Amino acid sequence: MKKVIVENLKYRYPAMKQLALDEISFEVEEGEKIGVIGRNSSGKSTLCQALVGLTPHFYKGTYGGRVIVDGLEIKHATVSEAALKVGIVFQNPFTQVTGAKLTVYEEVAFGLENMGLSRAEMIEKVDRALHLLNIYPFRNQNPFSLSGGQMQRMAIAGIIAMRPSIIVLDEPTSQLDPQGTEEVFSAMDELSAEGMTVVIVEHKMEKVAQYCDKILVMKDGKRAAFDTPAKVFSRDDLSELGVCAPVYTNICKALGKKEGAYYPVTLAGAARVLGARR
Amino acid sequence: MKSLSLYVERDSFIHRVDPITKLFYIFAAIIVPFVMKDLTVSIVCAAVSLILLAVGKVLRNAITVFACLFLIMITIFLIQALANINNATVVFSISGIHFYAEGMINGVKIIMRMTDMVAAFLILILTTKPSDLVEDLIRAGFSPRIGYVIMSIFQIVPHMAGAIDVITDAQRARGVETKGSLPVRIKAFLPLLGPVVLNSFMNTKERAMALEVRAFDAKNKKSFLNEAVNFRHAMAYRVLFVLLAVSAVAWRAGGVLL
Ligand SMILES: Nc1ncnc2c1ncn2[C@@H]1O[C@H](COP(=O)(O)OP(=O)(O)OP(=O)(O)O)[C@@H](O)[C@H]1O
Ligand SMILES: [Mg+2]
């Protein structure tokens, strides 16, 4: 079942001349994990905001095309309605702290209170989210006392707890150490195995290659590629797209080692290809 | 982190009373002495409020607040004792300055009402978590938006104070004089307002979006993670407080009519 349908999506910010999103189309199946990559200012964050309806409901401007998320056409829904189907975690974790709750636990429960869930349901969902992101030990701390990385995990937990069928993450690991990054990706893996659809903007290509089913490459607001990691990273024009392939792929490219028609994109893949020689 | 809340965690009967009933108490504690204008009533009301503070095991915390008010109270008393318009009866004189009975009685009355009012508010503030109060108000139909604003003040003001500390330290590290006389401090403080205020403005839009995507505007009824303070006799107490206030007003109105 198609969970996200984007058709000829166009968008221009009010004061801007050029389009921030230019004729974007793609579809995502239930439970798929999509990585969104591309240069700075290529429109990744704008696309994320369009998936949850912040564009055009929060940011005015010129809007064209359609975004349908879990059967709901975003243009005709309010952000709060859309929020029940699709969750978004923003780039800056600090502005996602509501500022009205005194503990991490209450902070994560905020969305569930707004949804009007029962206390028992809230506790079950918050506990799960806190464990999944490994911040359960900090549950009684003040949200503002957390480090950047812990805050980022709390922001993700706050959205995950709401159990949207689709989750959009905009550079959710920018302040996380390698272990924290790994934990976030494996949490997403677990959720997608349960049927959650994941769209994640990420600059760490090794992680994108390892965890994502497909990659959407953005360039100047346009869709430059939408394909499996192997196909995308095997392209010759990556530097034009502003994309740097995973190290494993680059090593194999340098050695001319393909696995089938494409270069390997993960450590395991590279090991298979390179190890086969010995 | 510093907190704006003055809540003192104790195990007491007063702590178990729900916040709204405490608001009813404040209402009665203000109306009764002000309407009845009687010295004895004022003293009794003040005493009751102070006793309730003691029952709540927070009298000691309240005393710090009263210590701050002490100077104001003394001033009021002196002004009344020396310069009330109704002053007629000299009670005693110190080096030619006369102290009048009418003014002193009025002064005590004012001080007692102040004590009563401040103590009544302190009962609420010292024995209630701000979040419990706000959540109870929202349950009673108060706007969640206003509730959010109130709660965020408790969180964001200390946070801004923290930000000011950080920037002050940074300025000191760059050699800016931040200590010393008042003009020096103001000169060091003004440039801070830029980054701190600007920063919070820029954050506002993003935070508004973050609230929205967490269904803050959803039409359905909200629920609460924390259970309401369940005080069994809340209704009886609330009715009692309203009755006290109403009978004070009735008594006064009757007195005027007669
Ligand atoms: N609020 C806004 N108002 C006007 N223009 C904006 C706004 N936000 C982004 N833009 C513009 O839209 C374009 C796309 O920006 P966007 O933030 O989507 O890029 P991005 O791919 O997320 O970049 P980054 O990797 O830096 O996060 C840029 O040219 C940017 O200047
Ligand atoms: Mg971005």
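The values are calculated or read from the model by the stated rules, or taken from the named source; none is laboratory data. Just so it is clear, the structure is predicted and the values come from calculations on it, not from any experiment. Please note: Cβ atoms are built from the backbone with ideal geometry, for glycine as well, and neighbour counts cover all protein chains shown. The accessibility values were calculated without ligands, DNA or RNA, using every heavy atom of the protein model including side chains. Shrake-Rupley method; radii C 1.70, N 1.55, O 1.52, S 1.80 Å.
Quick notes on this structure:
- Counted residues, the stretch A:31-52 - those being away from chain B (no Cβ under 14 Å), of a type in the set (Gly, Ala, Ser) and more than 9 Å from ligand 1 (Cβ to nearest atom): 2
- Top-ranked residue in the stretch A:228-240 [being surrounded by 15 or more Cβ atoms within 10 Å (Cβ to Cβ) and out of contact with any Pro (no Cβ under 7 Å at 6 or more places or on another chain); ranked as nearest to residue A:209 (Cα to Cα)]: A:229
- Between A:55, A:62, A:46, the distinction of being open to solvent by 10 Å² or more (accessible area, probe 1.4 Å), within 16 Å of ligand 2 (Cβ to nearest atom) and touching a strand residue (DSSP E or B) at 6+ places or on another chain (Cβ under 7 Å) belongs to A:46 only.
- The lone exception for residue A:15 - which of (1) within 10 Å of ligand 1 (Cβ to nearest atom); (2) open to solvent by 70 Å² or more (accessible area, probe 1.4 Å); (3) within 14 Å of another protein chain (Cβ to nearest Cβ) it fails: (3)
Quick grid of which residues meet (1) free of Cβ contacts under 8 Å to residues at least 60 places away in the same chain; (2) open to solvent by 60 Å² or more (accessible area, probe 1.4 Å):
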{"residue": "B:7", "(1), (2)": "no, yes"}
{"residue": "B:13", "(1), (2)": "yes, yes"}
{"residue": "B:20", "(1), (2)": "no, no"}
{"residue": "B:32", "(1), (2)": "no, no"}
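- Residue pairs meeting the criteria (Cβ under 7 Å; at least 6 apart or on separate chains; first assigned by TED's automatic domain parsing to the domain that holds residue B:75, in the stretch B:87-101; second among the acidic types (Asp, Glu)): B:87/B:102; B:88/B:102; B:89/B:102
- When A:153, A:139, A:128 are checked against the criterion of being among the charged types (D, E, K, R), more than 16 Å from ligand 1 (Cβ to nearest atom), open to solvent by 50 Å² or more (accessible area, probe 1.4 Å) and in contact with a Leu (Cβ under 9 Å, 6 or more places away or on another chain), A:139 stands alone in meeting it.
- Of everything listed in (1) open to solvent by 60 Å² or more (accessible area, probe 1.4 Å); (2) touching a helix residue (DSSP H, G or I) at 6+ places or on another chain (Cβ under 8 Å), the single unmet condition for residue A:261 is (2).
- Residue A:178 meets each of the listed conditions (1) surrounded by 21 or more Cβ atoms within 10 Å (Cβ to Cβ); (2) away from ligand 1 (no atom under 16 Å from the Cβ) apart from (1).
- Residue match in the stretch A:257-277 (condition: farther than 25 Å from residue A:28 by Cβ, in contact with a strand residue (DSSP E or B) (Cβ under 8 Å, 6 or more places away or on another chain), modelled with pLDDT under 95 and not assigned by TED's automatic domain parsing to the domain that holds residue A:153): yes
- Number of the exception - residue B:95 against (1) more than 27 Å from residue B:13 (Cβ to Cβ); (2) modelled with pLDDT under 90; (3) open to solvent by less than 70 Å² (accessible area, probe 1.4 Å); (4) among the small types (Gly, Ala, Ser): (3)
- Hits in the stretch B:214-258 - residues which are without any contact (Cβ under 8 Å) to a residue 60 or more places away in the chain and within 14 Å of another protein chain (Cβ to nearest Cβ): B:214, B:215, B:217, B:218, B:219, B:220, B:221, B:223, B:225, B:227
- Screening A:69, A:36, A:28, A:6 for residues that are assigned by TED's automatic domain parsing to the domain that holds residue A:211, in contact with a Cys (Cβ under 9 Å, 6 or more places away or on another chain) and buried (at least 22 other Cβ atoms within 10 Å of the Cβ) leaves exactly one candidate, A:36.
- Flag for residue B:116 being among the acidic types (Asp, Glu), within 21 Å of the chain's Cα centre (by Cα) and assigned by TED's automatic domain parsing to the domain that holds residue B:26: yes
- Under the condition of being more than 7 Å from chain B (Cβ to nearest Cβ), over 24 Å from residue A:51 (Cβ atoms), surrounded by 20 or more Cβ atoms within 10 Å (Cβ to Cβ) and modelled with pLDDT of 95 or more, the residues counted in the stretch A:78-125 number 2.
- Lone qualifier among B:43, B:30, B:14, B:20 - being closer than 25 Å to residue A:100 by Cβ and out of contact with any strand residue (DSSP E or B) (no Cβ under 6 Å at 6 or more places or on another chain): B:20
- Set B:94, B:105, B:110: member being β-branched (Val, Ile, Thr) and under 24 Å from residue B:53 (Cα atoms): B:110
- Taking (1) touching an Asp or Glu at 6+ places or on another chain (Cβ under 8 Å); (2) β-branched (Val, Ile, Thr); (3) more than 7 Å from chain B (Cβ to nearest Cβ) in turn, residue A:69 satisfies each apart from (1).
- When restricted to residues that are in a helix (DSSP H, G or I) and within 18 Å of the chain's Cα centre (by Cα), the stretch B:1-32 contains 15.
- Condition check for residue A:169: of a type in the set (A, V, I, L, M) and without any contact (Cβ under 8 Å) to a residue 12 or more places away in the chain: no
- Selection within the stretch A:140-158: residues that are out of contact with any Pro (no Cβ under 9 Å at 6 or more places or on another chain) and closer than 17 Å to residue B:131 by Cα. The member of this set that is nearest to the other protein chains (Cβ to nearest Cβ) is A:142.
- Helices (runs of 4 or more DSSP H) wholly inside the stretch A:162-275 containing at least 3 residues that are of a type in the set (A, V, I, L, M), more than 14 Å from chain B (Cβ to nearest Cβ) and within 16 Å of ligand 2 (Cβ to nearest atom): none
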